[in-house]
Amino acid sequence: MGHYFEAQPAVGSEPVDVEVCVGGGTFSMTTDRGVFSYGRLDRGTGLLLRDAPPPPASGDLLDLGCGTGAIALSLAQRSPDARIHAVDVNTRALELCATNARRNGLHNVHVAHPDEIDPLWAFDLIWSNPPVRIGKTALHDLLATWLGRLRPGGRAVLVMQRNLGADSLHRWLDGSLPGWPTTRLGSSKGYRLLQIVHPPADGI
Ligand SMILES: C[S@@+](CC[C@H](N)C(=O)[O-])C[C@H]1O[C@@H](n2cnc3c(N)ncnc32)[C@H](O)[C@@H]1O
């Protein structure tokens, strides 16, 4: 069995279409084997899309670890004037996300491998169901990198299972980003929804 975060999934392709209706939006997406959450919307992702505060109407919004693109597509529908960046290391996921955006007429989604994003580029919002399975150290490195690219006043919302370490991640965020308040926005069916705020430049 491979991992959903392999660059090139070894498992054969067997696409399955899914209709998603959540957070006031509706879209269809093709899922595939070798990509996270085959044949369904992940329950944690559903919680994020349902309960996260509304995204900004404009600016640069990032779906970190986009998979088939559920988060990116929802952001694009809700914020048609924003630029949605969808990044993943899994090439099958990147192809699916790009196709899914096109199919739903969402032309503000830019799909890329993380290495293709200018490291100086900054974001107003990050939404992510992060890749916990890559291991704690790699996950911390990944979050430190991308959270560090939030603009002052920007925020991130992460969803994570409690039994995969959400509360320990919350403590790590508190310790690693002093002055950047991390709050638990919600908790449902074993998932935690965490929000991290990069304080505005004027400190207000
Ligand atoms: C838990 S899945 C979430 C997928 C999708 N956002 C969803 O909600 O269905 C995490 C995703 O992160 C991707 N990923 C793993 N390592 C990554 C990295 N270093 N940079 C960006 N994405 C990564 C995985 O390939 C996977 O698609």
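Tabulated values for the structure
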quantity: Estimated FRET transfer efficiency (ARG151, VAL16; beta-carbon r; R0 35 Å; 0.05); calculated: 0.40
quantity: Positive dipole terminus of the chain, leading residue within GLY44, LEU61, GLY148 (C-beta point charges); calculated: GLY44
quantity: Highest average packing first - 159-169, 8-18, Cβ atoms within 10 Å; calculated: 159-169, 8-18
quantity: Cβ charges +1 (Lys, Arg) and -1 (Asp, Glu), total dipole of region 88-204, debye; calculated: 540 debye
quantity: Per DSSP, loop trypsin sites (Lys or Arg not before Pro) in region 1-58 with at most 15 further Cβ within 10 Å; calculated: ARG40
quantity: Pair-distance profile P(r), taking every C-alpha pair of the chain, with 5 angstrom steps and integer %; calculated: 1, 8, 17, 21, 22, 17, 10, 3, 1, 0, 0
quantity: Dipole of the chain, positive direction: furthest Cα of GLN77, SER176, TYR191, with charges on the beta-carbon; calculated: TYR191
quantity: Region 102-160 and region 21-57: distance between their alpha carbon centers, rounded to Å; calculated: 16 Å
quantity: On Cα atoms only, tilt of 91-103 relative to the major axis of the chain in degrees; calculated: 80 degrees
quantity: Cut-off 12 Å between beta-carbons: net charge of the residues surrounding CYS97, Lys and Arg +1, Asp and Glu -1; calculated: -1
quantity: Value of [θ]222 nm, deg cm²/dmol, for the chain, DSSP H segments ≥ 4, -39500 (n - 2.57) each, nearest 500; calculated: -8000 deg cm²/dmol
quantity: Estimated dipole of the chain in Debye, rounded to 20 [Cβ of Lys and Arg +1, of Asp and Glu -1, Cα centre]; calculated: 600 debye
quantity: Region 1-106 - charge dipole about Cα centre, Lys and Arg +1 at Cβ, Asp and Glu -1, debye rounded to 20; calculated: 140 debye
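Every number here is computed from the coordinates shown, using simple stated rules; none is lab data. Note that this is a predicted model, so its numbers are computed, not measured. All Cβ positions, even for glycine, are placed from backbone atoms using ideal geometry, and neighbour counts span all protein chains on display.
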